[in-house]
Amino acid sequence: MAEAATTTGPGFLSPAGVEIAFLLVGLATLGAALVTVTTKQLVHAALWLVVALGGIAVEYLLLTAEFIAWVQVLIYLGSVVVLLLFGLMLTKAPIGRSPDADSGNRWIALGVAVVAAVSLVWVVVDAFRTTWIDLDGPAQGSTKVSGEILFQHWVLPFEALSVLLLAALIGAIVLSRRNEPTDATDASDKGQR
């Protein structure tokens, strides 16, 4: 009886089960992403974006990259989507259907999206076609391995990205400030009325 427990292996899903779960979650994520970009209601698009980003986090969990999955949940689901929803609520963005959101260039946008997707898939397949994962080595998604790769090989792009995000944040603050008239202008406007 003890031998039967040791032969089942460490995982609760067989490799075929993990692959099937990965495929099903990937299809659900793709469907949520398609609904995100095709819906005409901005709040619904933001909520479907939550589903798509959550599906990506589940995919990372299935790939045993737990650290990356939780970063996905904390950064994208916890920050970006909440920021997007607050931006929609605090601005005068239309909540329901918006005829201004449709420019009529759907076929051109679809063509550009298909070309970009095919190019991206081709580049990724070409770059990793001879790469093999060492299943006996350390887990590639662990915190230690991710930190070593990030801070040994990718320090400069990581810092450049942080400066770029800071510049975008400063630009958003500058653009969102209202040009309020000075006190002298207010006084002259009130006197003219």
### Query
How high is the relative contact order of the stretch 42-90, given as a whole-number percent (alpha carbon pairs under 8 Å, six or more residues apart)?
44
### Query
Sorted by packing (mean other beta-carbon atoms within 10 Å per residue), highest first, where do 123-131, 38-46, 52-60, 159-167 land?
52-60, 38-46, 159-167, 123-131
### Task
Work out the FRET efficiency for V123 and M89 from their Cβ-Cβ distance, taking R0 = 35 Å, and round it to the nearest 0.05.
0.40
### Message
Using each residue's phi in the stretch 109-115, evaluate 6.51 cos²θ - 1.76 cosθ + 1.60 at θ = phi - 60° and report the 3J(HN,Hα) Karplus result to the nearest Hz, with x for Gly and Pro.
### Response
5, 5, x, 5, 5, 5, 4
#### Entry: Sites L110 and V174, calculated FRET efficiency, Cβ-Cβ separation with R0 41 Å, nearest 0.05
0.75
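The numbers here are math on the coordinates, done by the rules we state, and not lab data. Values in this document were obtained by computation on a predicted structure and should not be read as measured data. Glycine also receives a Cβ, built like all others from the backbone with ideal geometry; neighbour counts cover every protein chain displayed.
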